[in-house]
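Just below is one structure, and these are the notes that go with it.
The values are calculated or read from the model by the stated rules, or taken from the named source; none is laboratory data. Everything quoted here is computed from the prediction, not taken from an experiment. All Cβ positions, glycine included, derive from the backbone under ideal geometry; neighbour counts span all protein chains shown.
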Amino acid sequence: MANTAQRSGMTATDVQKAAVAVSAVFLLVGVLGFIPGITTNYDTMSFAGHHSEALLLGLFQVSILHNIVHLLFGVLGLALARTFDGAKNYLIGGGIVYLVLWIYGLVIDKDSSANFVPVNNADNWLHLLLGLGMIALGVALGRRRTTATTAR
């Protein structure tokens, strides 16, 4: 993104920088979910479903599918962060997705096949914070399109 901004004589906006930062965190979490030791009970990780007892940082229930979703969400964010509107939409839209996941996690039976990602209580509260935080970033930083020119 920096090279594109430099070639056009513009720097990334704050909303684009926030989208890149959020995307980087999702990529990091997706990778960490595949590392034994950082993910406890790694040997119990399943592709999908609530039977996976693998816990990222010993707290957040993960599966192979869950980690892949984090990686894809991070890649999507990096792609959308290339433009102001894309970055804003990623943060607000992604925040809405995470609020829906929070509600979903509250209403499903965690021991049923509906818990296919899987999620636990720690994931639910993280989804709430992520949803609210991403929406707040998208709204606060996406209010006006201000692009600074590079230093002359």
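Note down all Cβ pairs under 8 Å where the first residue falls in the stretch 44-59 and is at positive phi, the second is among the aliphatic types (A, V, I, L, M) and not in a helix (DSSP H, G or I), and they're at least six residues apart or on different chains.
Final answer for the pair search is L57/I38.
Restricting attention to the stretch 1-30, and to residues there that are surrounded by 13 or more Cβ atoms within 10 Å (Cβ to Cβ) and assigned to a loop (DSSP other than H, G, I, E, B), which single residue is modelled with the highest pLDDT?
Among those residues, the one meeting the criterion is T13.
Out of everything in the stretch 31-46 that is within 27 Å of L80 (Cβ to Cβ) and not in a helix (DSSP H, G or I), what residue ends up being nearest to the chain's Cα centre (by Cα)?
Selected residue: G33.
Could you tell me whether any residue of the stretch 132-146 is touching a helix residue (DSSP H, G or I) at 6+ places or on another chain (Cβ under 7 Å), assigned to a loop (DSSP other than H, G, I, E, B) and at pLDDT below 85?
Yes.
Going by what's in this entry, would G86 be described as within 10 Å of the chain's Cα centre (by Cα) and either surrounded by 14 or more Cβ atoms within 10 Å (Cβ to Cβ) or under 18 Å from L130 (Cα atoms) (or both)?
No: the conditions fail for G86.
Across the stretch 94-113, what is the number of residues that are closer than 14 Å to S23 by Cβ and touching a residue at least 40 places away in the same chain (Cβ under 8 Å)?
Of the residues in the stretch 94-113, 2 are closer than 14 Å to S23 by Cβ and touching a residue at least 40 places away in the same chain (Cβ under 8 Å).
Given the criterion in a loop (DSSP other than H, G, I, E, B) and either small (G, A, S) or in contact with a Gly (Cβ under 9 Å, 6 or more places away or on another chain) (or both), identify the matching residue among V100, V119.
V119
Taking the residues in the stretch 103-118 that are under 27 Å from V139 (Cβ atoms) and surrounded by fewer than 21 Cβ atoms within 10 Å (Cβ to Cβ) as candidates, determine which candidate is nearest to the chain's Cα centre (by Cα).
The qualifying residue nearest to the chain's Cα centre (by Cα) is V117.
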